[in-house]
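Nothing in this text is a laboratory measurement; each read-out follows from the coordinates by a stated rule. Computed from a prediction, not measured in an experiment: that's the story for all the values here. All Cβ positions, even for glycine, are placed from backbone atoms using ideal geometry, and neighbour counts span all protein chains on display.
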Amino acid sequence: MKRHDRLPGFRDFFPDPVPHPDLARMAERLHLFSSWRKVVTRYGFREYDGPPLETLELYKAKSGAEIVHQLYHFEDKGSREVALRAEMTPTLARMIAAHARNYKKPIKWFSIPQLFRYERQQKGRLREHFQLNADILGEGDPTADAELIALCIDVLRALGLTQEDFVIRLSSRHAWESFFKQRQKDTTKEYLFYQIIDKLERELPENSAQKLAEMGIDYEEVRAFIEQAEPTEELQEIIDQLQARGLKDFVRVDYGVIRGLAYYTGVVFEAFDRQGTHRAIAGGGRYNHLIELISGGKVDMPALGFGMGDVVLGDMLREKNLLPPAKPSIDAFVQYTDPDQRMEVISLVHQLRESGRRVEWGLSPSGANRQWKAAAEMGATCFLSLVQEGLWEVKHLQTKESHQVASEHVSVTLDRLEKDTPSKA
Ligand code: HAM
């Protein structure tokens, strides 16, 4: 690695026009974030945030072995064991444990944190990613599960994805819990069992079969249970409520999903592309005991939520041409070719910015041709050049219509020309 290289698994986000197609576009990130915010606020969720650095302890006890293994952690200068946040749920649980009594239940909160996991790099998995988190706290009824799954579906639909593009695989740890307890009395092995189920699709069948046999469970019985896909009463209720919203065909009962994280307690789900060529788009479920665990038994509150990453989703939207085209735009570019014009240029630029317009100029004088090109790259609607003291030429770059007007009339002329812009009409 050279001294100025990016760390592997990390991204730089460039403004358009992006110098190389492999580089991340800031415009895509902003598009995702604004679409996420629009839909979650429509569902009544309120935004929160927490620190990007937490105590190592917060994840050790609560997230499960896989995430702890992937933590970026170190000792800070005050000899504290700290970790970059790898997921948002422990932070949320900590915040809720401390201040839940100040909020009316159910609490519906969302956040868009950047998360860090030292993962093996592969398609759809990086070492940092942004993740929409939406969680409902203080409501134990399956109505909340249905509401959250409907939100997950609507977030994806708002980005242009349809029933043909993705599916929510709906499952339940309750179903697996009763399957397990009918076959194995030693409940200390329960989470280990869940981890084997979680890896089923990524592991060779003979390896899974052997691990299951070691805890007295038959692989074929596990497969049959998954294939039957018989919904529990709770899952059926959720499906019925999704049907009432017209969203039933976006979900499928699939016990192949169980979720890797340790804290899930009941309904769990993951969103996948229908073709099955990508990793999960989103995942979540119920975690009814986490707040109690984090508050040391002081606050006992049912909870559920999901996380949706920007990486797989971005890949899918790019493949399907659903991301906004590279189209930078400013309202006006003010030409500056002669140092003697500096004060008049500055004065006009400032006056137009004060009127709320996005205005750019070159800061140092340069040739007119170069400035035309800069204005075009920035997507300027109008180009302004000084003809003589107090007199400006205002030219619309698309329609080529131009007018010579006094400084005090530049603003109204821009208003009129902008109104006539074909794409804005
Ligand atoms: P998770 O399944 O670990 O869940 O992550 C949720 C989503 O974040 C994944 O489906 C994926 O889209 C994205 N993601 C995870 N790791 C990476 C990575 N290394 N690179 C790119 N994308 C990634 C959680 O984190 C739970 N805390 C979600 C939750 C919220 N559960 C309840 N509330």
Of 310-317, 376-383, ordering from highest average Cβ density within 10 Å down gives 310-317, 376-383
With labels modelled as points extended 7 Å from the Cα through the Cβ direction, what inter-label distance (nm, one decimal) is found for GLU233 paired with LYS38? 4.1 nm
Placing one identical point scatterer on every Cα of the stretch 129-168 and ignoring solvent, what is log10 I(q)/I(0) from the Debye formula at q = 0.28, 0.34, 0.35 Å⁻¹? -1.00, -1.14, -1.17
On a full-extension model of 0.36 nm per residue, what is the gain between MET95 and LYS248, subtracting their alpha-carbon distance, rounded to one decimal in nm? 51.7 nm
Debye equation applied to the C-alpha atoms of the stretch 1-84, log10 I(q)/I(0) at 0.20 Å⁻¹: -1.05
Over 35 Å [Cα-Cα, the chain], rounded percent: 44 percent
Simple Cβ-charge dipole of the stretch 298-412, Lys/Arg +1 and Asp/Glu -1, about Cα centre, in debye nearest 20: 320 debye
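On full extension of the chain, what length is gained from LYS199 through ARG342, given 0.36 nm per residue of separation minus the C-alpha to C-alpha distance?
44.9 nm
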If contacts are Cα pairs under 8 angstrom and at least 6 residues apart, what is the relative contact order of the stretch 1-111 in percent? 23 percent
Extending each Cα 7 Å along its Cβ direction at GLU206 and PHE13, get the distance between those two points in nm, one decimal. 4.7 nm
Under a no-solvent Debye model with one identical scatterer per Cα of the stretch 69-180, what's log10 I(q)/I(0) at q = 0.10, 0.13, 0.17, 0.24 Å⁻¹? -0.46, -0.77, -1.18, -1.31
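What is the chain's relative contact order, in percent, from Cα pairs under 8 angstrom and six or more apart in sequence?
The value is 15 percent.
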Sort all Cα-Cα distances of the stretch 36-121 into consecutive 10 angstrom bins from zero, then give the percent of pairs in each bin up to the one containing the longest distance. 16, 41, 31, 12, 1
Over all pairs of different Cα atoms in the stretch 301-425, the reciprocal of the mean inverse distance gives a Kirkwood radius in Å of 16.7 Å
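At a Förster distance of 22 Å, what's the computed FRET efficiency of PHE74 paired with GLN122, Cβ-Cβ distance as r, to 0.05? Don't skip to the end; give the middle numbers.
Values: r = 25 Å, r/R0 = 1.14.
Calculated transfer efficiency: 0.30.
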Taking a temperature of 25 °C and a viscosity of 0.890 mPa s, what whole-number D in µm²/s does Stokes-Einstein yield for the stretch 251-313 with Rh from Kirkwood over alpha carbon pairs? 189 µm²/s
Counting every C-alpha pair in the stretch 179-257, the percent lying more than 18 Å apart is 49 percent
Placing +1 at every Lys and Arg Cβ and -1 at every Asp and Glu Cβ, with all other atoms neutral, what dipole size does the chain have around its Cα centre, in debye to the nearest 20? 580 debye
Could you state the number of Å between the C-alpha centres of the stretch 9-29 and the stretch 130-151? 32 Å
Extent of the stretch 1-158 along each principal axis, from alpha carbon coordinates, in Å, largest to smallest? 53, 43, 24
State, to one decimal in nm, how far the label point of HIS4 lies from the label point of ARG46, with both points 7 Å from Cα in the Cβ direction. 4.7 nm
Spelling it out for ALA262: with amide H atoms placed in the peptide plane at 1.01 Å from N, the residues 5 or more places away or on another chain with amide H under 5 Å from its amide H are GLY64
Per the 1/(1 + (r/R0)^6) rule, R0 = 25 Å and r from the Cβ atoms of THR162 and ALA213, FRET efficiency to 0.05 is 0.05
What ranking, highest mean first, results for peptides 282-291, 244-253 when packing means the other Cβ atoms within 10 Å averaged over each residue? 282-291, 244-253
Helix 89-99 vs. the chain, principal-axis angle (Cα, 0 to 90°, nearest 10): 90 degrees
In whole angstrom, note down how far apart the Cα centers of the stretch 344-405 and the stretch 294-317 are. 48 Å
Among LYS105/LYS248; LYS185/LYS211; LYS181/LYS211; LYS189/LYS298; LYS38/LYS248; LYS60/LYS181, the pairs whose Cα-Cα distance exceeds 20 Å are LYS105/LYS248; LYS189/LYS298; LYS38/LYS248; LYS60/LYS181
